[in-house]
1. Restricting the search to the stretch 98-113, which residues are within 15 Å of H179 (Cα to Cα), of a type outside the set (S, T, N, Q) and in a helix (DSSP H, G or I)?
2. Please state which one of L100, L141 is surrounded by fewer than 13 Cβ atoms within 10 Å (Cβ to Cβ) and touching a residue at least 12 places away in the same chain (Cβ under 8 Å).
3. Name, by its number, the condition in (1) in contact with a strand residue (DSSP E or B) (Cβ under 8 Å, 6 or more places away or on another chain); (2) open to solvent by 10 Å² or more (accessible area, probe 1.4 Å); (3) part of a helix (DSSP H, G or I) that does not hold for Q133.
Amino acid sequence: MVRKEHRSIMVGCILSLVLGSIWIFKDVMFQAMFSYKKIGERTHYSGFSDDSLLSGEGTYNSGDREDVDLVTLINDALHFTDMQLSFAAANTRNEPDVLLKHGRAHCVGYSAFFKATLEELLERRNIEYVEVQHAVGEVYLAGINLHQFTSRDFFKDHDYNIVVDRMSGKAYFVDPSLHDLTSIGFVRGNIYDS
């Protein structure tokens, strides 16, 4: 009986270690298996009107930190987006001001809201060398386009963001809706349209 208990404890420990490792390294594993390819860009969603991000319920204050880098600002925008939105497959409004009020979005709304939030954070710090794109793309798993397996309009493409630091030339690929669901925010992608 004792041996059976030891075996169960050993299996439990190994399973916990494996699952814990998967959770800890989920970002790296996701980036290794999945990639995003930009096929277009959405430009018709504007930022927040008048100081809607700065006033009212659920406002955002990133503090007065002087030494904040771009990755920190991206993470701040991701977390604020997570706090304000919840995923909904059916959504007809994607304007950031509207989303700030009703809080339900799919990938289009998440990307529009993230873009508006990050642009607001950049503007507050007078950072003008960063470009935030609202990209439309396709998601690939091990080089296979996942969108080819469905005919539903909802899955014909996926919206995400590309943040380009024009001073360093570095591009960050960010998926706000994925971040809200899994805490994976940075993804691997191709900045060029096909």
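The values are calculated or read from the model by the stated rules, or taken from the named source; none is laboratory data. Note that the structure is predicted; figures quoted are calculated from it, not measured. Virtual Cβ from ideal backbone geometry, glycine too; neighbours counted across all protein chains shown. The area values use the complete protein model at the heavy-atom level, side chains included, leaving out ligands, DNA and RNA. Shrake-Rupley method; radii C 1.70, N 1.55, O 1.52, S 1.80 Å.
1. C107, V108, G109, Y110, A112, F113, listed by residue number.
2. Checking each option against the conditions leaves just L141.
3. It is condition (3) that Q133 fails.
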